[in-house]
1. Any idea which residue in the range 178-191 is farthest from residue 61 (Cα to Cα), counting only those that are in contact with a Ser or Thr (Cβ under 9 Å, 6 or more places away or on another chain) and open to solvent by less than 80 Å² (accessible area, probe 1.4 Å)?
2. Out of 30, 69, 22, which single residue is under 21 Å from residue 139 (Cβ atoms) and among the hydroxyl-bearing types (Ser, Thr, Tyr)?
3. From 87, 94, 156, grab the single residue that is without any contact (Cβ under 8 Å) to a residue 40 or more places away in the chain and of a type outside the set (D, E, K, R).
4. For residue 217, which of the numbered conditions (1) open to solvent by 50 Å² or more (accessible area, probe 1.4 Å); (2) under 19 Å from residue 129 (Cα atoms); (3) at pLDDT 90 or above fails to hold?
5. It is to be established whether one or more residues within the range 77-86 are open to solvent by less than 80 Å² (accessible area, probe 1.4 Å), of a type outside the set (Val, Ile, Thr) and within 24 Å of residue 204 (Cα to Cα).
6. Considering only the range 23-58, how many residues are among the hydroxyl-bearing types (Ser, Thr, Tyr), open to solvent by 20 Å² or more (accessible area, probe 1.4 Å) and in a helix (DSSP H, G or I)?
7. Look through 90, 102 and report the one residue that is open to solvent by 70 Å² or more (accessible area, probe 1.4 Å) and either of a type outside the set (Lys, Arg) or under 20 Å from residue 190 (Cα atoms) (or both).
8. Quick one: how many residues across the range 194-227 are closer than 30 Å to residue 107 by Cα, assigned to a loop (DSSP other than H, G, I, E, B) and among the hydrophobic types (A, V, I, L, M, F, W, C)?
Amino acid sequence: VREKYIELVKNSAFTYTLNESSYNSKMQSSSNEVYYQAFGEKYIEVAHVLLGYSDEQTATLKELKSDLSKGYIDKTDYDARVKRLANDIKVKNNLDENAEEKTVEEVYNEIATSLNACGNDEEKRVKTFISFIEKYNTDPGVLTSINSQTQYYAINLDTNVTDTMVKEFADASREMYASDGSKDYTLYATPVLTEYGYHIIFSLGTIKNDISLNNIENVTIDYLYNTEA
């Protein structure tokens with residue numbers, strides 16, 4: 001296992017140093033397969049809870065987009081109607097079929113309160129946020145990947161790289177970057193509205209190398225056992 005890990009790190013370093021385009025593509029599709037960051041602090045890792053539109057609201061949103069494209073309403077009117085529609089988003093606890101619906105604000109405040117109770121325990125904060133993904137998230141793609149790394153998203157800090165997530169989500173994620181790590185394991189200040197609904201975004205921090213090529217030969221099994229690697 002140790003020898004394989006060293007091999008993967010060295011291969012990543014060699015491959016991506018020579019091909020930054022390949023590095024960006026892999027980071028955006030399968031960031032957990034990149035074992036060495038050849039270009040420094042370039043991506044931030046985030047998780048989110050999506051509080052999405054209901055089927056009825058989605059149909060209304062589709063009609064509004066059609067009316068806008070046909071010129072029946074202008075952009076100002078469209079934005080106002082979308083905002084009113086989004087304000088009516090409510091979700092239920094996925095784990096309790098008898099639970100009452102909650103507003104976006106209520107869910108956000110519940111998550112924030114629970115994270116504050118974790119103090120500075122980073123591992124506990126991550127586990128707590130993940131529990132809310134399972135509890136409230138309406139994105140089926142994420143729900144099927146609970147407790148796997150595919151529920152996390154690598155967002156490029158370099159805006160010259162094409163975003164794979166919608167612009168509002170990516171821009172908010174980038175705002176959570178702090179060189180001193182002060183925003184790591186925290187929530188974005190407000191829920192972020194996109195065409196899919198509201199996203200409650202949690203930063204897992206800038207993706208960086210814990211092990212350098214200079215000391216890779218000294219990596220231990222204990223180190224590997226205690227990391228997601």
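The values are calculated or read from the model by the stated rules, or taken from the named source; none is laboratory data. Note that this is a predicted model, so its numbers are computed, not measured. For neighbour counting, all protein chains shown are included, and Cβ atoms are generated from backbone atoms with ideal geometry for every residue, glycine included. Heads up: the accessible areas ignore ligands, DNA and RNA and are worked out on the full protein's heavy atoms, side chains in. Shrake-Rupley method; radii C 1.70, N 1.55, O 1.52, S 1.80 Å.
1. Selected residue: 181.
2. When all the criteria are applied, what remains is 30.
3. Of 87, 94, 156, the one residue that is without any contact (Cβ under 8 Å) to a residue 40 or more places away in the chain and of a type outside the set (D, E, K, R) is 87.
4. Going through (1) open to solvent by 50 Å² or more (accessible area, probe 1.4 Å); (2) under 19 Å from residue 129 (Cα atoms); (3) at pLDDT 90 or above one by one, residue 217 breaks only (2).
5. Within the range 77-86, none of the residues are open to solvent by less than 80 Å² (accessible area, probe 1.4 Å), of a type outside the set (Val, Ile, Thr) and within 24 Å of residue 204 (Cα to Cα).
6. So in the range 23-58, the residues among the hydroxyl-bearing types (Ser, Thr, Tyr) come out as 23, 25, 29-31, 35-36, 43, 53-54, 58.
If we keep only those that are open to solvent by 20 Å² or more (accessible area, probe 1.4 Å) as well, we get 25, 29-31, 35-36, 53-54, 58.
Filter again for in a helix (DSSP H, G or I), leaving 25, 29-31, 58.
Total meeting the criteria: 5.
7. Testing whether each residue is open to solvent by 70 Å² or more (accessible area, probe 1.4 Å) and either of a type outside the set (Lys, Arg) or under 20 Å from residue 190 (Cα atoms) (or both) leaves just 90.
8. 1
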